[in-house]
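Throughout, read-outs are computed from the coordinates displayed, never taken from laboratory work. Computed from a prediction, not measured in an experiment: that's the story for all the values here. Note that each Cβ is placed from the backbone with ideal geometry, even for glycine, and that neighbours are counted across all protein chains shown.
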Amino acid sequence: MNYPVWYLPGMGGSLLIAIIAIIHVVVAHFAVGGGLFLVLTEHRAYRTGSNALLDYVKSHTWFFLLLTMVMGGVTGVGIWFIISLAHPAATSFLIHQFVFAWAIEWVFFIAEIVALLIYHYRFGKMSRRDHLIMGWLYFIFAWLSLFVINGILAFMLTPGKWLETGSFWHAFFNPGFLPTLIFRTAISAIIAGVFGLITALFRKDEALRQVILKWCAGWMYIPLALLAASAIWYTFAIDPQALANILHHNPESSLFRKIVINSSVILFGLGLFTLVRYPRKLQGITVTFLVVITFVWMGGFEYLREIARKPYVIYETLYSNGIKPNEMEEINSSGFLNAARWSSIKEVSDDNFLEAGSEIFRLQCLNCHTEDNYNGVKNKIELMTERGIEAQLTGMGRINSYMPPFAGTETEKKALAAWLYRELLGNEPEVIHQPEIPVLSHTRPSFDNSKDEYVLLLWNDIGMKCISDNDKILAFLPPANTLNAQLVKRAPIPEIIKEGYNLKWETEEQHLNPQNHTDFWEYDSIIYGKNLPLATGLTGSKLSGEMKSVNGIWIADRIPLMPYRDDGTYNPYPLITVTASDPDGFVVATTSAVAPVSTEMGCRNCHGGEWSWNGVSGLSDITAQNILVVHDKYSGTSLADEAAEGKPRLCQECHSDPVVGRAGKPGILSFSASIHGFHANYLTGMYQESCNLCHPSDPASATNCMRGRHAGFLDCTSCHGTLEDHALALLKGQTHLEKADRLAASLQPVSVATMEEINPRTPWLMEPDCRGCHTNFNIAVDGFEGSAYNKWVPGASALYRMRTDNQGMMCAACHGSPHAIYGAYNSYDPMRDNIQPLQYQGLAGTIGTHESCSVCHTTDMNTSGHHRNQINRLYEAVLQYE
Amino acid sequence: MDPVIPSPDVIPVHWLWFQVLLVVTFILHLILMNLILGGSLLALWDKISGKKEPGYAVTLPVLVALTINLGVPPLLFVQVLYGHLFYTASVTQAVPWILVIPALILGYYGSYIYVRKRDKSPQLATTGLVVSLLLILYTGFMLVNNSTLTLVPSRFEAHLNNPGGMNLNIGEPSLWPRYLHFITSAVAIAALGVAIYAKFTLKDNPEQSSAVIRTNLRRFAWFTLVQFAFGTLFWLSTPREVWMIFMGKNITATILMTLSWLLAASMIYTAFRGKLGITILHAFIVLVIMVIMREYMRSAYLKDIFSPSQLESKGEFWPLIVFLVLFIAGLGAIYYMIRLATKKISQS
């Protein structure tokens, strides 16, 4: 941000650094270990009196000099050059912080060069003793160079106390200093062994060659224990988060982990062949391969070290893109472009929207990424929508802490997302199609207050129900719509009929062939372990059947409804009609209720793909596959491949979920906590908009499921909190899991001040309590404070959909389904959710409202027998008359 | 401050420490650089004209190693003082700048090929020398490019329109005179180097030794005259407010300039007269004065933009002290090693 960015869209500075650094690091380690190798081999030659071995040392010295002094020395300067081009801010920081360390390193470096030049040019021209002294001096100076450089390199990942004190000495002798010094010393010896093999091959004397090969093998294997011990020690010195990133979270590291493991096996496996006598040509091939593998091996190590530092180039001090963490707040408020010295655009406008996005990409992303090559952005975002890219930018540095957070305003974020989506991926801007809502009608069953003896109250248990309709790829909510009913025999003191009667349900025409609209029955065996007959639900319920009385409540359990009519119309509100007959078979009551069911889940808003059902609704193959790809990437699963092989999975197989009745797997978050916790990090600060992105709660959506009397003045967040609040409460319910902490780490509550204030909850069983606002059933008199958020019912039996009043009537029987509380408005058919209130009392409000006690009571009532504030309640605002 | 100039970082001790260290180490680097660049040119010239190549040409690879090594500290200290300008200039011309690294590697190997193959394969040796020379010339050209761009931050803005790192500072009027001034000076110093080498290596053949010394002192004198011409051109190609500091606007700079002229005149005289010792002394003093004048020139360029005196210092002295102690110890170690190397076997 302080410095210009070298625009290398196809290559990136990181790759250039890697190319130079890998060569340098191998040669520089060789320069240290090789020095010891030379002098000890010379010692051995004198001790054994072997002139041939001494001759080998001499020839190896020449090779050593050519490689280390030329290639090693200049690539060292090369790293300095390239980092100052790719990361000028970090280079400046390191130069200024460690100027005297660099200067000291230079002193050792020049002494090292002088020693080596003398060692080589005066070989055989000095006394043995003096020549050996020169060899030892070379090694000492070379190792001291390593000592100094190691302090600086280790600092970058483990700055330790320096973060508090700013002291040079704390910076230099940082927590990673000693383990890495030992680690690098061991590596130096190993590389000396490998490179010793090269010149050994030129020895024509087979016996001598074999002696040297064995000698080199010793150099390769003896330091291994030291290498392993220091590596383990090092893992304790670095930040656990950094370790977790390279071991688990950062997908970039998986390739290099494999490289390190495989190259280690090859290097030390193949190295054993040096102990065996076989033809020189084959030995040559082996050694060439070992040398190549050494570069690969070191490259893997160095890459992992680099990746462990992410998102920083200097841990907790400077992000990889040159922004300091303590600058973020200011940048986010005043704008990145405004703060960037090297931007020709200072403010995003309609005229420069895409250009500004391009500028932000260049200045903020190109430090690590290319457009489409190494660590390219293109293949990371090609499955996303523009909205999805924006979410991705929001989520950067949150769950996966290896990315720095996006720096800039919301508008700048949108500009970057737009540029990435439209220019880099070459997509047309997304056009949001307003769905056409068909006009539906219904026939309301009759009720004669003067004659009819029974009142049948029917409602859906949760009031809105989404299902996943792409079982070919994944499943998380099967078609399963449950309706409850209560049958009341009218009387001065009415009787609730709990048994002995026969209640039959029937599904509305056009919804009788769900099997034609979903592959649920094709994959039921694989996903649910049940081979169900067509149009039959998981509990055996069909589209018509007899309700069962469970604890006095009549239940039609999990009817397999789809929102797709046979005529191709989308209808998320099919009607279920229930007819009650007395024990003698006489029909005593009939009513209808909406069984809401929607497939309009907004996954595609971010994950791409189209609606699968006539451009209106449904989870398309592309969307579903993209979701799995993301899951696989972040969680190390292989769900996309499994689905492609015809083995789709139920998410709740691993993620517990009371609503699907699955216990999940131990150690894994519940489905609700996981899906909300994850997405809250990407859809932060969006209030209701984030709910609408996934759930069909947007008034402009095809479903518009928020249709109860609250809809006009409350939204999802009024009771459930914002997505962040919602997620935090769920995650807090599973704090024993590390994953819960990880997802919650970057989330800030909105509805309450601190995380401590949030009450943990279990999904589906601990929902917002209506009495959070309706404190004592008279909100007009009692008023309320705050919202229902964080005021959870204590358990399933206290849920609105499970509770009764003082007389055994279920709350929902009179007030309607959750989310469709009477006085509801349905955009497909305005009074569709108010059938019973209109049928029984001609008013679209609560059953019994406006002194309509006569719906059930055959005498006048003057007490609030069901709950407080029931009689004489004339709250007009919520009434809708037909 | 100009908005495209990055903010500098804090330095550990007072800026003058770095200024002194920069001047001292740059002088050492400059001498060696002159020896390899000028030495390579002289070697090629002699090769083409069929003469015997300068004696010290065999040490070229060693000199390359030491030149690169001694290039490190001035590059370090200049980054401490002017890093924010230097890095920006580097990024602005990143592509040709990073190519300096492969150029140095190949040039370095070229010098080895030249030395090692002189007898067995003269053509290959000449190719090595030419390649090495061209790549060293390229490196010098890029250093001049970067140094001059660092002095004119207003030109950094070229990067905004062309961010690919290809903005060479070709439009700078002083670029070519400066470059040629350096090259011709290098030949002059290298000629002096050949004379010194002959003095020490041809002790057994005084006649040949004095002939070589005479020839090369004459070369030194002529090239000093040529570089003086380029130097004057270089001086006058700088902006008026820059060259004026040597014409009375800055007393110290003017005295240094005058002194350098006088010493140069005297040096040319002593060189033509074949006085090696006094010429070396002159040359060294002139070189030191030139390096100091270079710093004055840099300050004049950056006047109103930046001065190292603006840098905030942390006052952290212990690392400096440790460095100075180790620096002295390092010099001692080098002395010891050279003593050991030059000791006769029979004495040990």
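Here is how the number arises for chain A: DSSP H runs of 4 or more residues each give -39500 (n - 2.57), the sum is divided by the residue count, and the result at 222 nm is -13500 deg cm²/dmol.
Compared with the dominant Cα axis of chain A, that is its longest principal axis, helix A:128-157 is turned about 20°. Cβ crowding within 10 Å ranks A:K281, A:K451, A:K548 as A:K451, A:K281, A:K548, fewest other Cβ atoms first. FRET efficiency for B:F272 and B:K199, Cβ-Cβ distance as r, R0 = 22 Å, nearest 0.05? Efficiency, from the Cβ-Cβ distance: 0.80. Candidate cross-link partners of B:K249 among the aspartates and glutamates, defined by an alpha-carbon separation under 12 Å and a same-chain spacing of 8 or more, comprise B:E241. Pairs spanning more than 27 Å between alpha-carbon atoms, out of A:K451/A:K504; B:K275/B:K344; A:K258/A:K414; A:K489/A:K548: B:K275/B:K344; A:K258/A:K414. Between 0 and 90 degrees, the angle of helix A:99-121 with respect to the longest Cα principal axis of chain A falls at about 40 degrees. Listed peptides A:102-115, A:697-710 appear in the order A:102-115, A:697-710 once ranked by packing, highest mean of other Cβ atoms within 10 Å at the front.
Peptide packing for A:247-253, A:203-209 was compared via the average number of neighbouring C-beta atoms within 10 Å per residue; ordered from the highest value, the list is A:247-253, A:203-209.
Given their separation in residues at 0.36 nm each and the Cα-Cα distance between them, A:Y7 and A:E436 gain 149.7 nm when the chain is fully extended.
Arranged by the count of other C-beta atoms within 10 angstrom, fewest first, what order do A:H87, A:H774, A:H695 take? Ordered by Cβ neighbours within 10 Å, fewest first: A:H774, A:H695, A:H87. Across the range B:270-318, the fraction of Cα-Cα pairs farther apart than 19 Å, rounded to a whole number, is 56%.
Overall, the anisotropy analysis places the range A:588-693 in the rounded class: the square-rooted eigenvalues a ≥ b ≥ c of its C-alpha gyration tensor yield a/c less than 1.5.
Across peptide A:340-351, the mean count of Cβ atoms from other chains lying within 10 Å of each residue's own Cβ comes to 2. Across peptide A:114-127, the mean count of Cβ atoms from other chains lying within 10 Å of each residue's own Cβ comes to 4. Here the peptides A:653-663, A:16-26 are ranked by packing, the mean other Cβ count within 10 Å, and the order with the highest first is A:16-26, A:653-663. The number of Lys pairs in the range A:13-238 with C-alpha atoms less than 30 Å apart, excluding pairs fewer than 8 positions apart on the same chain, is 6.
Across all Cα pairs in the range A:699-778, the calculated P(r) in 10 Å bins from zero up to the longest distance comes to 16, 42, 30, 12, 0 percent per bin. Helix A:88-97 and the longest principal axis of the C-alpha atoms of chain A enclose an angle of approximately 60°. Our coupling estimate for the range A:402-409, obtained by passing each phi through the Karplus curve with A = 6.51, B = -1.76, C = 1.60 and θ = phi - 60°, is 7, 9, x, x, 5, 10, x, 7 Hz, Gly and Pro reported as x.
Among B:K51/B:K203; A:K346/A:K739; A:K542/A:K791; A:K465/A:K791; A:K465/A:K739; A:K378/A:K665, which pairs are too far apart, with a Cα-Cα distance over 30 Å? Over 30 Å apart, Cα to Cα: A:K346/A:K739; A:K542/A:K791; A:K378/A:K665.
Using alpha carbons only, what's the Rg to Rh ratio of the range B:173-308 with Rh from Kirkwood? My calculation puts Rg/Rh at 1.07. Mean per-residue shielding of peptide A:166-172 is 3, counting Cβ atoms of other chains within 10 Å of each Cβ.
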